[in-house]
1. Here is a list of conditions, (1) modelled with pLDDT under 95; (2) touching a helix residue (DSSP H, G or I) at 6+ places or on another chain (Cβ under 8 Å); (3) not assigned by TED's automatic domain parsing to the domain that holds residue 160, and residue 16 meets all of them except one; can you say which number that is?
2. Of the residues 53, 125, which is touching a helix residue (DSSP H, G or I) at 6+ places or on another chain (Cβ under 8 Å) and over 30 Å from residue 614 (Cβ atoms)?
3. Among the residues of region 49-84, write down those that are under 23 Å from residue 275 (Cα atoms) and assigned to a helix (DSSP H, G or I).
4. Of the residues 398, 370, which single one is assigned by TED's automatic domain parsing to the domain that holds residue 195 and without any contact (Cβ under 8 Å) to a residue 12 or more places away in the chain?
5. For region 624-654, which residues satisfy the criterion of being on the phi < 0 side of the Ramachandran plot and over 41 Å from the mean Cα position of the chain (by Cα)?
6. Only one of (1) surrounded by fewer than 21 Cβ atoms within 10 Å (Cβ to Cβ); (2) out of contact with any helix residue (DSSP H, G or I) (no Cβ under 6 Å at 6 or more places or on another chain) is not met by residue 527, so which one is it?
7. From 37, 92, grab the single residue that is assigned to a helix (DSSP H, G or I), within 16 Å of the chain's Cα centre (by Cα) and not assigned by TED's automatic domain parsing to the domain that holds residue 309.
8. Could you tell me how many of the residues in region 141-185 are part of a loop (DSSP other than H, G, I, E, B) and either without any contact (Cβ under 8 Å) to a residue 12 or more places away in the chain or within 13 Å of the chain's Cα centre (by Cα) (or both)?
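The values are calculated or read from the model by the stated rules, or taken from the named source; none is laboratory data. Just so it is clear, the structure is predicted and the values come from calculations on it, not from any experiment. Glycine gets a Cβ as well: all are built from the backbone with ideal geometry, and neighbour counts include every protein chain shown.
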């Protein structure tokens, strides 16, 4: 009896206490969210290319009430699922405001949802400390910060897929049928967010998980019939209606065999945008693929700084690889030693259930991560395509870090022999300190080199145009930075240098003093300050990234009867189209492109322009020359790369109005 009492007391002593209360944890998470995500919703204005282009699709829905067939510049744009556009359109109607805040709010709210779900999942699997770290990891990783600056659906997709996985796991573990239905519904919403990859990724993880755990025998609990009907009820209507609204209509013959056929939405969306995109044969071919080495290595950047703990995660997984199956399958049973070791616990059943939940969490998230990463290593890809695997990786990292800090094993729970020592954490913290010192030194060197250079507000005029990846990768413009451009970034560079110099060193000191919670939280706070500095720098790039000031010029100096003409692809000045949409009463902007891809095959409006009822907004150079200076006032936008062509074509008839970074705006007659 004395031995039993002693063992119970020891177990109680080793039971980890909550690092913070739930209220304190969420005060911290909300403060980080407000600093990193919410505050950045107000600036800069919508960017050219995909940001303002996708906002145009939402703008069209909000104005017309056509929730089936989005349009950009009055041209069908049906290559993407509609849910992100619906969310922005709903906010436009709700608030009456069409701006960067309402356009980017869905992505920001998705990040808050990911932080909440990661906190909840890690907390139930590993405890309060792991929940805190998972939430902080989601909010302070480099990749999520970078790829929520513009309108792409990855954060929303990641939220729905993580919710689907969580509901599948908890629905089966706790025998809650409602959770299973939530899983089916979440996959359907993910499908409406990003397309067919959503159910593919979910099935790629769920199928082997059910086989490994033996839960496939409980197939009735998965609600295969009623759940699938719910899935269809959510996902199918838009696809059916869009197919009916955008049928085969005998497209005009273009310069590609697909365009010359009579394919409508179903071929375009399912075959061209899914199957052919996977094999790199999508038309038009305006996507690139990361080299294999960079594809894998860059994931260390996307989840940095938490990727510094990946070695601990990998080693822990390797060291415990033989013991996880003990708790994975219900028919595997537990060893006698396991029950003897845990017989004196206050609540053996609760401990075993929590341990099983933790093990199955590890398996499910690992399978999902592995399948998704392998999928995109084969398919065409962009840097942000693997966004959905980042929160699962951060949850797993949070569990390992918390387990090491609490000095307990990863396999047998509280009070067992630690799987890894805290030296793994000290090593990661030391690496972070080294990276911080090097980053601060690099920023300091740049500041010193630019100390005598004048501040130039239009940073775009100081950038190189190296065209890495022909600008078909989302991060291509980072390679355009030059030394002189650093003079425009003094304030954010100083703030970032101080954060990266002080924060990691303070964290290392705390780690060496075994103040582990403070050390780990210091990593998140360092990145929070760094991201604030990064956003200030991002705003400085506004003249290069957005043409919104030119839209303001047109509306201030022109009249609603004027016409705007863009030389080339609409995405090159999509922010002008967005911000002048109401001013010109939704009248489409003219483009110097041939309809149906006969010239300018890379246009995002290629497919929609092939429909017979597409508006006649596509001009050639001869038509532009003939109309220039006649009728209503014309405004002409062009990139610097096309400036010589414009000046040659319209020599003597151009009136320069505004220069912005590498962009020019002319009108065809003197301004009053």
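1. Among (1) modelled with pLDDT under 95; (2) touching a helix residue (DSSP H, G or I) at 6+ places or on another chain (Cβ under 8 Å); (3) not assigned by TED's automatic domain parsing to the domain that holds residue 160, residue 16 violates only (3).
2. Numbers: 53 fails: over 30 Å from residue 614 (Cβ atoms).
On inspection, the qualifying residue turns out to be 125.
3. Scanning region 49-84 gives 50, 54, 83, 84.
4. Details: 398 fails: without any contact (Cβ under 8 Å) to a residue 12 or more places away in the chain.
On inspection, the qualifying residue turns out to be 370.
5. Narrowing region 624-654 to residues on the phi < 0 side of the Ramachandran plot: 624-628, 630, 632-651, 653-654.
Answer for region 624-654, where residues must be on the phi < 0 side of the Ramachandran plot and over 41 Å from the mean Cα position of the chain (by Cα): 625, 626, 627, 628, 630, 632, 648, 649, 650, 651, 653, 654.
6. It fails just one condition, (1).
7. Numbers: 92 fails: within 16 Å of the chain's Cα centre (by Cα).
Of the residues listed, the single one that is assigned to a helix (DSSP H, G or I), within 16 Å of the chain's Cα centre (by Cα) and not assigned by TED's automatic domain parsing to the domain that holds residue 309 is 37.
8. Going through region 141-185, the residues part of a loop (DSSP other than H, G, I, E, B) turn out to be 141, 147-153, 174-176.
After this cut, where a residue has to be either without any contact (Cβ under 8 Å) to a residue 12 or more places away in the chain or within 13 Å of the chain's Cα centre (by Cα) (or both) as well, the list is 141, 147-153, 174, 176.
Here the count works out to 10.
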